[in-house]
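Worksheet: the structure to be examined is printed underneath.
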């Protein structure tokens, strides 16, 4: 069994944490994109959709146009975003 230093162990732990965070971020992005697209299919106006998902109207329009969108991380914290 190879010898692992504390620095390597810490690095691996940080890497796993970053990977989990990226996974949660990606899942949140997909959920928001899906909500926006489904709300539009149901006939909701863009302004209403933006209020529902707490995004700027410009971002909602980009999502609806299938453009690449970077959603600010603080908006993806769905547990604390009421």
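The values are calculated or read from the model by the stated rules, or taken from the named source; none is laboratory data. Everything numeric here is computed off the predicted structure, so don't read it as measured data. Virtual Cβ from ideal backbone geometry, glycine too; neighbours counted across all protein chains shown.
So that you can scan it fast, the table gives a plain yes or no per residue for (1) more than 19 Å from the chain's Cα centre (by Cα); (2) without any contact (Cβ under 8 Å) to a residue 24 or more places away in the chain; (3) in a helix (DSSP H, G or I):
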position	(1), (2), (3)
4	yes, yes, no
13	yes, yes, yes
16	no, yes, yes
20	no, yes, yes
23	no, yes, yes
26	no, yes, yes
29	no, no, yes
35	no, yes, yes
47	yes, yes, yes
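Here are the criteria: (1) over 13 Å from residue 29 (Cα atoms); (2) surrounded by 10 or more Cβ atoms within 10 Å (Cβ to Cβ); (3) modelled with pLDDT under 85. Tell me which single one residue 76 does not satisfy.
Evaluating residue 76 over (1) over 13 Å from residue 29 (Cα atoms); (2) surrounded by 10 or more Cβ atoms within 10 Å (Cβ to Cβ); (3) modelled with pLDDT under 85 leaves (1) as the failure.
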